[in-house]
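*Asks:* What follows is a single structure, and I will ask about it in a moment.
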Amino acid sequence: MTCSAEARPRDREVVLRPVGEDNRAAILALELMPEQQGFVASNADSLEEAREDDEALARAVVAAGRVVGFLMYSAPDDDDEAIIYRFMIDRREQGKGLGRAAVARALEEIAQLGHMRRVAICYEPDNEAARRLYAGFGFVEAGLDEDGEMTAVLELGS
């Protein structure tokens, strides 16, 4: 499947917004389920990393005008592979299709850059929900990285 897959009604309600002073506090207030907390770095750590890394593109996941999640990726001008390396949906918003919609928006945004041929994503090997979500978009597992995280890759359509 490519990121041009037909959008579901819920998908059209979700947008990605650059992180700024208007949504930073809402991103910091997002929470994971207790059993998910070991799966992703805190949003505070991620925002600090984004401030220090010129290639990090931090996005608020917004649905119905509210921040419901956070996503961060890199898409260097001198490379043809983007990497989504932070993604979370608030525990109160999970199970509503917002995660799927956010990934669809991220893939669209990355594809629109024009120079990306593939997208990689990393997740903890025990995170079955992430595995199913990304496999649903056509990501293929490529193996564990040096940090023990699973890397999966999606070839973007031409």
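FYI, it's all coordinate maths here, none of it is from the lab. All values derive from a computational prediction rather than experimental measurement. Virtual Cβ from ideal backbone geometry, glycine too; neighbours counted across all protein chains shown.
*Asks:* How much length would be gained if the chain were fully extended between Glu149 and Glu81, taking 0.36 nm per residue of separation minus their Cα-Cα distance, in nm to one decimal?
*Replies:* Details: separation 68, 0.36 × 68 = 24.48 nm, distance 1.77 nm.
Contour length minus Cα-Cα distance gives 22.7 nm.
*Asks:* Output the relative contact order of the chain, whole-number percent, from Cα pairs under 8 angstrom with separation of 6+ residues. List each step's numbers first, then the result.
*Replies:* Numbers: 264 pairs, mean separation 38.2, N = 158.
In percent, rounded to a whole number, it is 24.
*Asks:* Pick out, in residue order, every one of the GluC sites (Glu not before Pro) in the stretch 37-114 that is DSSP loop and has at most 16 other C-beta atoms within 10 Å; say none if there are none. Could the numbers behind the result be given before it?
*Replies:* On the way: sites: Glu48, Glu49, Glu52, Glu55, Glu81, Glu93, Glu108, Glu109; in loops: Glu55.
Those that pass, being in a loop and sparsely packed, are Glu55.
*Asks:* May I ask you to compute the full-extension gain from Arg51 to Glu108, defined as 0.36 nm times their residue separation minus their alpha-carbon distance, rounded to one decimal in nm?
*Replies:* Details: separation 57, 0.36 × 57 = 20.52 nm, distance 2.37 nm.
Stretched fully, the Arg51-Glu108 segment lengthens by 18.2 nm.
*Asks:* Could you compute the net charge surrounding Ala41? Neighbours are other residues with a C-beta less than 9 Å from the C-beta of Ala41; K and R count +1, D and E count -1. Show your work: numbers first, answer last.
*Replies:* Values: positive: Arg86; negative: Asp45, Glu49.
It works out to a net charge of -1.
*Asks:* In addition: So, counting K/R as plus one and D/E as minus one, what does the shell of residues with Cβ under 12 Å around Glu155 add up to? Present the calculation step by step, with values, prior to reporting the outcome.
*Replies:* Values: positive: Arg117, Arg118; negative: Asp80, Glu81.
Local net charge: 0.
*Asks:* If I take all pairs of Cα atoms in the chain, what percentage of them are more than 28 Å from each other? Working shown, then result.
*Replies:* On the way: 1571 of 12403 pairs.
Value for the chain (Cα pairs over 28 Å): 13 percent.
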